[in-house]
Amino acid sequence: MKLSILAMLLLGAVAFAAEEKNEVAVIHTSEGDMTVEFWKDAAPETIANFKKLARQGFYDGTIFHRIVKGFMIQGGDPISKDPKKENLYGSGKPGYTIKAEFNDHPHERGVLSMAREMAPDSAGSQFFICLAPVHRLDGQYTTFGKLIKGDDVLEKIGNTEVTRNSQGEMSKPTKRVTINKIDIVPADSVK
């Protein structure tokens with residue numbers, strides 16, 4: 001009797017752990033929602049960091065501060081919450097950096113990847129979603145998921161009108177595209 005109860009508890013714990021790991025991110029933006037599945041085999045620490053920040057509300061109110069047509073949309077900078085600090089956009093971090101987890105998943109349209117500085121282990125909170133294949137980034141940036149819903153929203157954000165940023169790049173959106181919230185939810189709850 002005790003053995004069968006222990007076995008049921010163990011099976012329940014295993015099922016719970018498996019269920020807990022099968023989660024997706026729903027990125028609620030001012031332009032609509034996008035859903036991303038995580039590649040658990042690719043970058044477990046990067047995924048854990050992204051989920052932690054999302055659950056803490058870190059991304060709430062940030063914007064996609066960099067949009068490069070035919071390339072990617074970039075967000076996750078905490079400084080972007082303040083419109084008065086526009087010249088600093090792209091430099092914000094969560095107060096720490098994480099180790100790179102380069103993997104074999106290529107940068108294709110809809111792929112979620114970590115933005116970073118020149119040093120490989122300099123990512124923190126900023127991420128980008130590819131608008132097209134960008135294979136020159138493969139093996140140099142940490143890919144960790146892919147869009148499974150909301151490609152029309154990605155397209156809409158990617159087509160946002162841009163102007164030159166403070167570094168002269170044509171990537172500064174002329175309107176704020178806000179990340180209202182990122183929810184981490186069970187994969188089976190998203191239809």
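The values are calculated or read from the model by the stated rules, or taken from the named source; none is laboratory data. Bear in mind that the values here come from a model prediction, so they are computed numbers and not experimental data. Quick reminder, even Gly has a Cβ in these numbers, built from the backbone with ideal geometry, and neighbours come from all protein chains shown.
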- Note on the structure: Selection over the range 20-36 where residues are touching a Lys or Arg at 6+ places or on another chain (Cβ under 6 Å) and either of a type in the set (D, E) or within 19 Å of P173 (Cα to Cα) (or both) yields a count of 2
- Task: Residue by residue through the range 91-103, note down the ones that are free of Cβ contacts under 8 Å to residues at least 60 places away in the same chain and either within 21 Å of A132 (Cβ to Cβ) or not acidic (D, E) (or both).
- Result: S91, G92, K93, P94, G95, Y96, T97, I98, K99, A100, F102
- Item | Failed item, numbered, when D41 is tested on (1) acidic (D, E); (2) part of a strand (DSSP E or B); (3) modelled with pLDDT under 95 | (2)
- The lone exception for D188 - which of (1) modelled with pLDDT under 95; (2) under 26 Å from E45 (Cα atoms); (3) part of a loop (DSSP other than H, G, I, E, B) it fails: (3)
- Query: Just one of K149, K156 is under 20 Å from F38 (Cβ atoms) and touching a strand residue (DSSP E or B) at 6+ places or on another chain (Cβ under 8 Å); which is it?
  - Reply: K149
- So, in the range 44-71, of the ones that are small (G, A, S) and either in a strand (DSSP E or B) or within 13 Å of the chain's Cα centre (by Cα) (or both), which residue ends up farthest from T174 (Cα to Cα)? A48
- Apart from one, (1) outside any strand (DSSP E or B); (2) under 24 Å from M34 (Cβ atoms) all hold for Q74; the odd one out is (1)
- Message: Out of F102, F144, F128, I need the residue that is farther than 21 Å from K172 by Cα and not in a loop (DSSP other than H, G, I, E, B). Which one?
- Response: F144
- May I ask you to list the residues in the range 147-185 that are in a loop (DSSP other than H, G, I, E, B) and of a type in the set (D, E)? E161, E169
